[in-house]
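Enquirer: Before I ask anything, let me first share the structure, which is written out below as structure tokens.
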Amino acid sequence: MVSGLDSARKQLQWPLIMRVKISILASALLLTVFTYSINGQFRLFGPKQPRPTPQPMRKASALISKQAPLKVNQSLLKQATQDNTRIVVSIPKQRAYLMIGDEIVADGPISSGRRGHESPTGHKHVLEKDPNHHSSLYGDFVDGSGRVVRGGVSARIDSAPSGTHFAGAPMKWFLRLTEDGVGMHVGILPGYPASHGCIRQSADGAKLFYDYVKVGTPVDVGDY
């Protein structure tokens, strides 16, 4: 009789135990979901991460590629005269060489003509020397006081604003190579071909080349 009663009690308690276990599992599942929800909200709406510190703007000069400066063989320079020198310009290397025969007297950086304005290649000669030359084609439109109203213009295609006139770009230590105005002179050297066709040089390089050549000096421009 007792055994049958215990069995009946166990049968009655089993559904209750199952309900309790199910309730506990459900509570645990809800707690887990709630925890993930809170974590997700914290990540989404929590404190903002500090933004990375912006890098300072680089100066224009920092964007210019660095070229090796003018190199001079002083012992050969002592032997150089306007009668025994020649010039070789390497477009790929962006260098100009003052030479005596096959020996390099000076080796300096250049910037030749950019795409669409390539420097003329081949065997040339110095046609003219002008220490303070100004371009007849490229320059600025300036007013009566000399203030630049519009810079970097072409006298061939741009119209001067009212009250201004064309002022040709300075080309110091100019060595003319072609009849249409291409030559070697002082200019900006960004480290790559950037001119309208002329061969720009550093100030010290242009002065040295100017001093040691004459009208008629051979100049070879090409893939050397």
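The values are calculated or read from the model by the stated rules, or taken from the named source; none is laboratory data. In this text, all values refer to a predicted model and were calculated from it rather than measured experimentally. We place every Cβ from the backbone using ideal geometry, glycine too, and count neighbours over all the protein chains shown. We work out accessible area using only protein heavy atoms, side chains counted, and drop any ligands, DNA or RNA first. Shrake-Rupley method; radii C 1.70, N 1.55, O 1.52, S 1.80 Å.
Enquirer: Does Asp180 satisfy being crowded, with 17+ Cβ neighbours inside 10 Å and closer than 30 Å to Val213 by Cβ?
Expert: So Asp180 fails the test.
Enquirer: Look through Ile199, Ile188 and report the one residue that is surrounded by 18 or more Cβ atoms within 10 Å (Cβ to Cβ), under 20 Å from the mean Cα position of the chain (by Cα) and among the β-branched types (Val, Ile, Thr).
Expert: Exactly one residue qualifies, and that residue is Ile199.
Enquirer: Related question: So, Asp143, is that one in contact with a strand residue (DSSP E or B) (Cβ under 6 Å, 6 or more places away or on another chain) and charged (D, E, K, R) or not?
Expert: The answer is yes for Asp143.
Each row is one residue, and each column tells you yes or no for (1) modelled with pLDDT under 95; (2) in a loop (DSSP other than H, G, I, E, B).
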site: Asp130; (1), (2): no, no
site: His133; (1), (2): yes, no
site: Ser136; (1), (2): yes, no
site: Asp140; (1), (2): yes, no
site: Ile157; (1), (2): yes, yes
site: Ala160; (1), (2): yes, yes
site: Pro170; (1), (2): yes, no
site: Gly181; (1), (2): yes, yes
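Enquirer: Taking only pairs six or more apart or across chains, which ones have beta-carbon atoms under 6 Å, a first residue in segment 146-167 that is without any contact (Cβ under 8 Å) to a residue 24 or more places away in the chain, and a second residue that is outside any strand (DSSP E or B)?
Expert: Val149/Asp143; Val149/Pro161; Val149/Thr164; Gly163/Asp143; Thr164/Asp143
Enquirer: Oh, and also: State yes or no: is Leu98 part of a strand (DSSP E or B), open to solvent by less than 100 Å² (accessible area, probe 1.4 Å) and at pLDDT 95 or above?
Expert: yes
Enquirer: Restricting to segment 63-104, what's the tally of residues that are touching a residue at least 60 places away in the same chain (Cβ under 8 Å) and among the polar types (S, T, N, Q)?
Expert: Going through segment 63-104 one residue at a time, the tally reaches 7.
Enquirer: Here's a follow-up. Evaluate segment 135-154: report whether one residue or more is of a type in the set (A, V, I, L, M, F, W, C), open to solvent by 60 Å² or more (accessible area, probe 1.4 Å) and either within 17 Å of Ala194 (Cβ to Cβ) or under 28 Å from the mean Cα position of the chain (by Cα) (or both).
Expert: Yes, there is a match, as at least one residue in segment 135-154 is of a type in the set (A, V, I, L, M, F, W, C), open to solvent by 60 Å² or more (accessible area, probe 1.4 Å) and either within 17 Å of Ala194 (Cβ to Cβ) or under 28 Å from the mean Cα position of the chain (by Cα) (or both).
Enquirer: If I filter segment 185-203 for residues that are β-branched (Val, Ile, Thr) and within 21 Å of Thr121 (Cβ to Cβ), do I get at least one hit?
Expert: yes
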